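The next block holds one structure in the form of structure tokens; read it before the comments.
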Amino acid sequence: MKILTLFSLFATYSSGNSINIEENAGQFFNSGHTNNWAVLVCTSRFWFNYRHVANTLSVYRSVKRLGIPDSHIVLMLADDMACNHRNPKPATVFSHKNMELNVYGDDVEVDYRGYEVTVENFLRVLTGRLPPSTPRSKRLLSDDRSNILIYLTGHGGNGFLKFQDSEEISNVELADAFEQMWQKRRYNELLFIIDTCQGASMYERFYSPNLMALASSQVGEDSLSHQPDLAIGVHLMDRYTFYLLEFLEDIHPASKSNMNDLFKVCPKSQCVSTPGHRTDLFLRDPGSALITDFFGSVRKIEITMETINLTDPIQQVELSPVNEELQIEKYSYADQLPVSEIIHQRVHTFVLNLDTEQKVIGNIQQQMSLCRFHASRLFLKKLQSFECVVVREISYRVGLFVSFRGRGCPHLIFKKPKQRDWHPPDGFILGLWTLILLVFFKTYGMKHLKHIF
């Protein structure tokens with residue numbers, strides 16, 4: 001009887017644990033995403049918009065702290081406040097008046113800066129329509145399993161956001177860009193946050209699924225600044241972003257806080273404006289969406305039942321004599337042009353007389369057996385395996401001007417001799433003016449001198 005009772009208790013305990021494990025696993029995989037991305041944009045220039053740069057850098061610091069790497073963050077800053085000549089503390093940007101935390105830091109990777117922050121570049125980043133030459137650091141390489149955080153801050157109005165006081169993006173353009181992202185399967189879920197005046201007007205036209213939006217103010221309201229600093233004469237942050245970051249400081253990668261908690265971070269008593277949010281396009285219940293689903297990063301893990309011993313020393317592979325020969329042969333250099341004698345890491349110039357041209361060509365061909373030359377009386381036509389030879393045809397009578405620069409050059413470059421600019425000899429201009437005055441006095445006399453001065 002005791003054995004039966006113990007077995008029933010063990011079964012109940014095991015079933016309870018299995019239910020908890022299934023619930024945790026279901027909550028972990030509920031969002032369906034496998035990677036996280038962030039696009040953080042400051043659209044304002046000039047020193048008096050210091051707070052917008054601080055807003056963006058503070059969000060950048062928070063998402064990096066929660067696990068999103070720089071390779072998955074596209075940071076766009078329209079101005080460089082850290083190097084502004086009005087900054088009393090160069091290479092720093094602070095978000096609090098106590099000046100304790102430098103949000104610029106030592107490891108900030110700005111992908112788009114200055115005049116690169118335009119509406120066109122922003123839309124191209126979202127839709128993936130970038131030139132082939134664009135580096136990976138400037139691309140949003142997301143897929144249909146990506147959760148994306150998009151944060152915008154700057155000056156805006158009813159239905160638009162200004163970029164650098166020179167152009168605007170409308171809420172219709174932004175909505176169409178998100179729809180392109182959805183049609184091209186560039187995101188799984190998207191969180192849009194905007195801190196600007198009348199920010200709620202920017203998400204009114206959204207129509208793409210799996211999209212959640214937050215704004216710092218309603219239509220007709222201003223988004224106010226916060227943390228004035230009398231030393232530098234500007235505000236350090238905006239109110240909504242300040243309280244948002246204050247909330248994120250308590251979030252850790254294993255936190256269970258959800259999006260409903262994020263909606264309450266800045267009530268009207270603190271923000272003065274009325275923050276807004278839109279969740280009707282989001283397919284999940286916001287209460288089941290964790291903060292770390294957008295501000296954190298998914299860590300790939302592999303579950304195994306095997307025991308892995310990490311204490312065994314690493315055994316070094318011993319190379320047999322045959323392998324050693326192959327290794328040496330693999331990394332050995334082929335015979336090349338004697339660089340130490342000809343180049344010396346400097347530019348060397350040779351004037352080849354026409355009488356000795358064929359002899360020099362023969363010597364070079366012997367030294368560089370891998371290079372193919374096609375020589376004529378006037379110039380060398382092509383050099384395929386050298387990188388640093390530039391040949392200019394100066395004159396038929398003088399010969400060829402050959403210079404070796406560095407360690408090789410794909411082709412020979414032929415240019416006509418550059419014509420020297422003509423300059424008048426010393427005193428020529430003064431003599432010319434003297435001649436003009438003498439002719440004038442000879443013709444008209446002194447009484448017409450007043451017409452000159």
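Scanning the stretch 187-223 for residues that are farther than 17 Å from Pro286 by Cα, in contact with an Asp or Glu (Cβ under 7 Å, 6 or more places away or on another chain) and not in a strand (DSSP E or B) turns up Cys197, Gln198, Tyr207, Ser216, Ser223. When you scan the stretch 182-190, do you find a residue that is within 21 Å of the chain's Cα centre (by Cα), crowded, with 17+ Cβ neighbours inside 10 Å, touching a residue at least 40 places away in the same chain (Cβ under 8 Å) and within 30 Å of Phe48 (Cα to Cα), even just one? No: zero hits. Of all residues in the stretch 160-169, those being of a type in the set (Asp, Glu) and assigned to a strand (DSSP E or B) number 2. Within the stretch 207-226, the set of residues being open to solvent by 10 Å² or more (accessible area, probe 1.4 Å) and touching a Phe, Trp or Tyr at 6+ places or on another chain (Cβ under 7 Å) comprises Pro209, Asn210, Ser223, His226. Before we move on, is Leu152 at pLDDT 95 or above and open to solvent by 10 Å² or more (accessible area, probe 1.4 Å)? No; evaluated as a whole, the condition is false for this residue. Just one residue in the set Arg65, Arg51 is at pLDDT 90 or above and either open to solvent by 60 Å² or more (accessible area, probe 1.4 Å) or more than 27 Å from Ile194 (Cα to Cα) (or both); that residue is Arg65.
Against the list (1) more than 18 Å from Phe295 (Cα to Cα); (2) touching a strand residue (DSSP E or B) at 6+ places or on another chain (Cβ under 9 Å), the condition Leu191 fails is (1). When the stretch 126-159 is limited to residues that are assigned to a strand (DSSP E or B) and under 21 Å from Tyr112 (Cα atoms), the one that is farthest from the chain's Cα centre (by Cα) turns out to be Gly156. Filter the stretch 160-181 down to residues that are under 23 Å from the mean Cα position of the chain (by Cα) and of a type in the set (S, T, N, Q) and give me whichever is nearest to Phe294 (Cα to Cα). Taking the candidates together, the pick is Gln180.
Of all residues in the stretch 55-103, those satisfying the criterion of being part of a strand (DSSP E or B), without any contact (Cβ under 8 Å) to a residue 40 or more places away in the chain and closer than 23 Å to Ser225 by Cβ are Leu75, Asn102.
Would you mention how many residues in the stretch 276-296 are touching a Leu at 6+ places or on another chain (Cβ under 7 Å) and either open to solvent by 20 Å² or more (accessible area, probe 1.4 Å) or farther than 15 Å from Leu214 by Cα (or both)? Qualifying residue count, the stretch 276-296: 4.
If you go through the stretch 104-125 and keep only what is over 14 Å from the mean Cα position of the chain (by Cα) and part of a loop (DSSP other than H, G, I, E, B), you end up with Tyr104, Gly105, Asp106.
The values are calculated or read from the model by the stated rules, or taken from the named source; none is laboratory data. Bear in mind the structure is a predicted one, so any value in this text is a computation, not a measurement. FYI the Cβ positions are ideal-geometry reconstructions off the backbone, even for glycines, and counts take in every protein chain you see. Heads up: the accessible areas ignore ligands, DNA and RNA and are worked out on the full protein's heavy atoms, side chains in. Shrake-Rupley method; radii C 1.70, N 1.55, O 1.52, S 1.80 Å.
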